[in-house]
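Below is one structure, written out as structure tokens, with a few remarks after it.
The values are calculated or read from the model by the stated rules, or taken from the named source; none is laboratory data. Nothing here was measured: the structure is a model prediction, and the numbers come from that model. Don't worry about glycine lacking a Cβ; one is built from the backbone with ideal geometry, like all the others, and counts go over all protein chains shown.
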Amino acid sequence: MLGVLIVVAQLAVTHPIKPSASAPSASGRSRHNIEAIRRAFDAEDKNGDEELTLEELTNLLAGSNTLTADRVAVLFQWLDEDQNGTISFKEYLYLVA
Ligand SMILES: [Ca+2]
Ligand SMILES: [Ca+2]
């Protein structure tokens, strides 16, 4: 899944057009995948407030050498739709869904 994350992240940086979260998924992403995504989100949400800070998102993407801190920061701002400075699970889904 990390490979997909990297591709989507780079797309996000170069093509700042947000996919619609309500668009039907042609591939029919399974509930199991959503739960796996949720677990990854929760695992990185160290303080359990159901929001990811820039630091937490950076840690989540730490396995990627292709994303610089600058790019993660751009991605973070792109994901933070309501611009409250943190990424909710709903916002996080834009990254992985
Ligand atoms: Ca948090
Ligand atoms: Ca937000």
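Computed values, structure above
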quantity: Number of the condition not met by W78 [criteria: (1) within 14 Å of L93 (Cα to Cα); (2) of a type in the set (A, V, I, L, M, F, W, C); (3) away from ligand 2 (no atom under 16 Å from the Cβ); (4) at pLDDT 70 or above]; calculated: (3)
quantity: Qualifying position, being of a type outside the set (G, A, S), at pLDDT 60 or above and in contact with a helix residue (DSSP H, G or I) (Cβ under 6 Å, 6 or more places away or on another chain), among T53, T58, T68; calculated: T58
quantity: Those residues of segment 51-73 which are farther than 17 Å from R38 by Cβ, in contact (Cβ under 8 Å) with a residue 12 or more places away in the chain, within 15 Å of ligand 2 (Cβ to nearest atom) and in a helix (DSSP H, G or I), in sequence order; calculated: L54, A73
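To keep it simple, each residue is scored yes or no on (1) within 16 Å of ligand 1 (Cβ to nearest atom); (2) surrounded by 13 or more Cβ atoms within 10 Å (Cβ to Cβ).
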position	(1), (2)
I34	no, yes
L52	yes, yes
L61	yes, yes
A69	no, no
L75	no, yes
